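So the structure is just underneath, and the comments pick up after that.
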Amino acid sequence: VTPMDVPSFRDGPGETEMQPTMNTIGNLLLQIGIVVVMFSMGLQVTGGQLAAALRRRRLMGQALVANLIVLPLAALALSRLVAMPDAVAAGFLIASIAPGASLSPKLSEIARADISFAVSLLFVLATLSVVATPLLAGLLLPNNPSLQFEPLKVIRILVIFQLIPLLAALAIHRWRPGLAGRLRRPSILLANILFAVIVAFYLIRDFPALRMLPPATLPAMVAMTFVSLGAGWYLGGPDRATRQALAFGTSVEFTGLALLITSLSFPGTAANITVVAFGLVMIVVNTTAALIWYRRAGAAAAATAPPISGQQAAVDLRRTPQP
């Protein structure tokens, strides 16, 4: 079996017949999941936050440079450096250029970064990725007849499942803020549940293909995640909180978007499990970074806190209700 022919299911008894059904279930889960994620994302950002972020033209420009130029070039270089098979390279490249993951603001919150900028950047990247990700994929993907990729077809799909729910939620937030407030928490919870279900589904379905990934693939994923973090940090300006927000906005890619593209464009190949594996690597590395930054922020706050004098401590003690 060549790397290009790695199926999502082993061709055991009955499994070949099951594969179209499982592909349909997977695509349906992805489409519902992306709609819910985009809708919840639109409920989290306000027009004022977007306007404030867009006024920071230099910072926003650097964020776009990181996501639309630096990351694609780095991913292409790494995929060629480790000589990935074409299907694996396709999954790796698409997973590296699919911005707009809803996890990035949560990680920014943990790290005590600039949450307002993180949410606004997430919205901008999710909007741009509808067009940018398919076009970049068309330029970067290996030239292989077995990898038939149609950027315009993918753009049409993303307009329906990504852009329309995103803008609809933003409109609700703008004109029906009370309704948006009631929908926000349930939609975020549902989005998180669906993401977990999707990852579990593809891990179980494509686990045989996971074992056939080349050994160098995992180190390349880890390296790409660190490159993304570093690019966001370097281009995030002088402020620590903004640097961290851009680092997460750059290094946490939208696994659901990448999976939708690969499952529709390259069914039955190792591209899907490559995206899932890369998504898990991103979560582990970025969550670790967020926790490290959280501890450092806490230590820095404790070090800079003014000491409490004995007199002030006595006053505070007298003000404390006694049992």
key: Selected residue (criterion: nearest to the chain's Cα centre (by Cα)) from residues of the stretch 99-142 that are hydroxyl-bearing (Ser, Thr, Tyr) and buried (at least 23 other Cβ atoms within 10 Å of the Cβ)   = SER104
query = Taking interchain pairs and intrachain pairs at least six residues apart, which have beta carbon atoms under 9 angstrom, with the first residue in the stretch 143-165 and of a type in the set (Ser, Thr, Tyr) and the second assigned to a loop (DSSP other than H, G, I, E, B)?
reply = SER146/PHE266; SER146/THR269
query = Restricting the search to the stretch 251-279, which residues are under 18 Å from ILE25 (Cβ atoms), in a loop (DSSP other than H, G, I, E, B) and modelled with pLDDT of 90 or more?
reply = PHE266
ask   = Which condition breaks for ALA241 when tested against (1) closer than 16 Å to ILE94 by Cβ; (2) of a type outside the set (Val, Ile, Thr); (3) out of contact with any Leu (no Cβ under 9 Å at 6 or more places or on another chain)?
value = (1)
request  = From the list PRO219, PRO208, PRO214, pick out the single residue that is farther than 23 Å from THR287 by Cα and assigned to a helix (DSSP H, G or I).
outcome  = PRO208
message = Here are the criteria: (1) under 23 Å from ARG112 (Cα atoms); (2) assigned to a helix (DSSP H, G or I); (3) at pLDDT below 95. Tell me which single one PRO238 does not satisfy.
response = (2)
ask   = Just to be sure, is ASN192 on the phi < 0 side of the Ramachandran plot, surrounded by fewer than 19 Cβ atoms within 10 Å (Cβ to Cβ) and assigned to a helix (DSSP H, G or I)?
value = yes
ask   = Could you say which residue among ARG318, ARG295 is of a type outside the set (Gly, Ala, Ser), modelled with pLDDT of 80 or more and farther than 30 Å from PRO72 by Cα?
value = ARG295
ask   = Among the residues of the stretch 75-98, how many are over 17 Å from the mean Cα position of the chain (by Cα) and more than 11 Å from LEU140 (Cβ to Cβ)?
value = 9
query = Does the stretch 168-182 include one or more residues that are within 18 Å of the chain's Cα centre (by Cα), part of a helix (DSSP H, G or I) and closer than 25 Å to THR46 by Cα?
reply = no
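The values are calculated or read from the model by the stated rules, or taken from the named source; none is laboratory data. All of these numbers come straight from a predicted model, not from anything done at the bench. Here the Cβ is made from the backbone with ideal geometry for all residues, glycine too, and neighbour counts use every protein chain on show.
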